[in-house]
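The values are calculated or read from the model by the stated rules, or taken from the named source; none is laboratory data. Everything numeric in this text was worked out from a predicted model, so none of it was measured. Glycine also receives a Cβ, built like all others from the backbone with ideal geometry; neighbour counts cover every protein chain displayed. Just so you know, the surface numbers come from the protein's heavy atoms only, side chains and all, with ligands and any DNA or RNA stripped out. Shrake-Rupley method; radii C 1.70, N 1.55, O 1.52, S 1.80 Å.
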Amino acid sequence: MQTEDLITQHFRLAPSQAKALEKLRLETVRDLLYYFPARYGQVLPEKKIAELLVGDNVTIYAQVVRAKVSKAWKKKIPMGEVTLEDQTGRIKAIWFHQPYLAKKVAPAHFARLQGKVAERKGELYLANPEIEAVSGLGTSETLFADENNAEINYLLPVYPETRGISSLWLHHAVKKILKNNLQESLTDYLPTEIIKKYNLPKLATALVWIHSPRTESDSLAARKRFAFEEIFFIQLTRLRAKLNYQEQQAFVIKPEQKGLDEFISRFPFPLTSAQDRAIQQITTDFTKSAPMTRLLEGDVGSGKTAVATVTALAVVQAGGEVAYMAPTEILAKQHFESFISYFRHLPRVQIGLITGAGCYKFPSKINLNSYTNISRPQLLKWVANGEIPILIGTHALIQKAVKFKNLAYVIIDEQHRFGVMQRAKLVRKDENKAPHLLSMTATPIPRTLALTIYGDLDLTLLDELPAGRKQVKTEIVSEVNRNKAYAHIKQELESGRQAFVICPRIDEPDPTKALAMQTKSAKAEARRLQDKIFPDFTIGLVHSKLKPKDKEEVMSDFASGKIDILVSTSVVEVGVNVPNATIIIIEGAERFGLAQLHQLRGRVLRSSHQAHCYLFTSKASGQENARLKALEKAKNGFELAELDLKLRGSGSLSSGKQWGLSDLGMEAIKNLKMVEAARLEAQNLLKTDPDLKNSKLIKEKLAEQKAEIHFE
Ligand code: ADP
Ligand code: MG
């Protein structure tokens, strides 16, 4: 057996199992070794059937003789019953209420059961045991021989399953691989010095410990190692990207402070001290010859645009150009308009807008107070010769045809939607001059996560909302209070306000789930609200499967007030500015992360009217309620993001995927010390060996990783 061998070369698979492995993307023996358990269960001591006593908590391995499903006790309770046999005797396993478990393993197949031995009318049986098929692993002889000498009370790994592959199958398959010592043949990419320094297990040991730990501390040590490794290599990649970028020459800009102060003094508000600090940091970066790569992270409403305009002015004053990139046309247009409001008194600073829908320029020749539609070639010409120093737009901004004279500063809104590649495109190859980069995001993420996934960016936090800003009144509404909440919402609508309704799903019920587990779909909910709850109001529906054109139409009808209630899924545009929308209803709130809920409610923060957020929950358990309660209290997105990370069980950390992290990686994110250590080591390594000349293995690993990254 070799690590690169296909799984099928060594394991006989039923078609359903093959399919399941494909779905899990497990192809080679090596893949199996790197498919880690999600958690561990205690293994109950194993006994033969003849040895069982009433009250035992045991594991038995046996062959299924027959199975049947019936009703027990005057035909009220559905019941499943399986008769099992090993070399020593026979016993029944009985399930009440879950009769289908009796069908989980077909007759003649082998099963492993764990549960309690009970007695009825003098006969022993296993009451509601866990049952797993153990087929495909050979004859009963080898199966039992293997298990007989297994140590009692070791930790049983529980793997993320999928239909067709049981955790137990994976457990046995990996055990077989480990028995062949294949873990020893894998390259350990983590430097030995680091392994020693942090007292981590080496790769081969860690693989054994993560798959079949004898103690909990073994499994923890192994998990820690893999988590560290993941974070370390991400840090290395990002830090290298940063070093590469900063090797380029930037436009050195000495800000003209007087002009900036004058510009700021016209604001109808004083800057918050966080805004002040951010402007200082950015303009200081401008004076350096290496290009800035900075992330500005701040809640919705924290005033990122003001920071962007002041710093943009600093660049324009110095004769450079600014490109401002937004993720959607709607947002680009909104930024264009807000830039105009900030620069209105400086009509000589022309501002352009370029999107797929058309090109505009401010000011218009005829009316210095407004903007005008211009042709694309005209706009491109003026941008190329530097007459339009500020250009706002969507991805259209980074197309080849768009040439700047002196692009010195690039601002990217909602950074996570732009990939590394797109950023790289902004570098002017001809002069090898790179613009200063400012990424802005309103997605509050924990510090450890930011340090990791944005390791190539310096971080500036706008952790302060302008004074006097109203908070969104947030209320958790259980099912019994739903109508009361609707009555209140109706009043608000009648006085002219508008509402968002967010649903967890777009479409019709999920057939694989019981009705009680269903969450509301946007489509069905829009219909229900129109028919039953708000028949007198206009309801619109928007979701990700709509064509962009239809989506924009609905959004603009909502913005103009033609639509009173907008039903959507959570993926629909963040940051859309509809000041008259003061209500947001979130259905199935328990299914969202806190940070996401916080961002959703930010949509109704734009008004001078009191805003309300209703969190409808159908099944708020104590723990879920505690999580949502944090939203009623917490004011700040950063606090919430940290809380969210803490309160999420490791099972629900699937959100890591959105950041390109594994579940293990997300576990590491909970650990500030580990993230800082991984970062430190990555920094140290690049300091002593920036080109990785003496770190061949690491270079190899990074190259492999690069191949796996999919750019947007
Ligand atoms: P963000 O992009 O961070 O969500 P914006 O830049 O759109 O926030 O600002 C939100 C609103 O707050 C705008 O109407 C803006 O004029 C206003 N604003 C920005 N800074 C301040 C401040 N220091 N004091 C009061 N209002 C401010
Ligand atoms: Mg904004």
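Here are the numbers for the structure shown:
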{"quantity": "Which numbered condition K629 fails, given (1) surrounded by fewer than 18 Cβ atoms within 10 Å (Cβ to Cβ); (2) in contact with a strand residue (DSSP E or B) (Cβ under 8 Å, 6 or more places away or on another chain); (3) modelled with pLDDT under 80", "calculated": "(3)"}
{"quantity": "Residue pairs meeting the criteria (Cβ under 6 Å; at least 6 apart or on separate chains; first in contact (Cβ under 8 Å) with a residue 60 or more places away in the chain, in region 323-339; second near ligand 2 (Cβ under 9 Å from one of its atoms) and part of a strand (DSSP E or B))", "calculated": "A326/D413"}
{"quantity": "Selection status of G393, within 32 Å of the chain's Cα centre (by Cα) and either within 16 Å of ligand 1 (Cβ to nearest atom) or modelled with pLDDT under 80 (or both)", "calculated": "no"}
{"quantity": "Total residues in region 292-307, condition more than 8 Å from ligand 1 (Cβ to nearest atom) and surrounded by fewer than 24 Cβ atoms within 10 Å (Cβ to Cβ)", "calculated": "3"}
{"quantity": "Hits in region 251-280 - residues which are more than 16 Å from ligand 1 (Cβ to nearest atom) and touching a strand residue (DSSP E or B) at 6+ places or on another chain (Cβ under 6 Å)", "calculated": "F251"}
{"quantity": "Filter result for I502 (part of a loop (DSSP other than H, G, I, E, B) and at pLDDT 85 or above)", "calculated": "no"}
{"quantity": "For K121: the one exception among (1) in contact with a helix residue (DSSP H, G or I) (Cβ under 9 Å, 6 or more places away or on another chain); (2) open to solvent by 20 Å² or more (accessible area, probe 1.4 Å)", "calculated": "(1)"}
{"quantity": "Candidate set from region 444-471 (those that are crowded, with 21+ Cβ neighbours inside 10 Å and within 16 Å of ligand 1 (Cβ to nearest atom)); member that is modelled with the lowest pLDDT", "calculated": "P444"}
{"quantity": "Which numbered condition G588 misses (of (1) modelled with pLDDT of 85 or more; (2) open to solvent by 20 Å² or more (accessible area, probe 1.4 Å); (3) out of contact with any helix residue (DSSP H, G or I) (no Cβ under 6 Å at 6 or more places or on another chain); (4) not charged (D, E, K, R))", "calculated": "(2)"}
{"quantity": "Test: residue in region 311-324 that is acidic (D, E) and more than 15 Å from ligand 1 (Cβ to nearest atom)", "calculated": "yes"}
{"quantity": "Unmet requirement for R601, which otherwise passes all of (1) at pLDDT 85 or above; (2) of a type in the set (K, R); (3) away from ligand 2 (no atom under 16 Å from the Cβ)", "calculated": "(3)"}
{"quantity": "Scan of region 332-384 for residues that are within 16 Å of ligand 2 (Cβ to nearest atom), open to solvent by 60 Å² or more (accessible area, probe 1.4 Å) and under 20 Å from F263 (Cα atoms), ordered by number", "calculated": "E337, S341"}
{"quantity": "Selected residue (only one of T448, T452, T460 is touching a Leu at 6+ places or on another chain (Cβ under 8 Å), within 16 Å of ligand 2 (Cβ to nearest atom) and closer than 28 Å to L672 by Cβ)", "calculated": "T460"}
{"quantity": "Residue check for E704: closer than 29 Å to F592 by Cβ and either open to solvent by 40 Å² or more (accessible area, probe 1.4 Å) or at pLDDT below 85 (or both)", "calculated": "no"}
{"quantity": "Neighbours by Cβ (under 9 Å, 6+ apart or cross-chain): first from region 269-284, at positive phi; second within 16 Å of ligand 2 (Cβ to nearest atom)", "calculated": "none"}
{"quantity": "Members of region 14-70 found to be aromatic (F, W, Y) and more than 30 Å from S185 (Cβ to Cβ), listed by number", "calculated": "Y61"}
{"quantity": "Criterion violated by A401 - all others in (1) within 16 Å of ligand 1 (Cβ to nearest atom); (2) outside any strand (DSSP E or B) satisfied", "calculated": "(1)"}
{"quantity": "Any hit, region 26-36, residues being modelled with pLDDT under 90 and out of contact with any Pro (no Cβ under 9 Å at 6 or more places or on another chain)", "calculated": "no"}
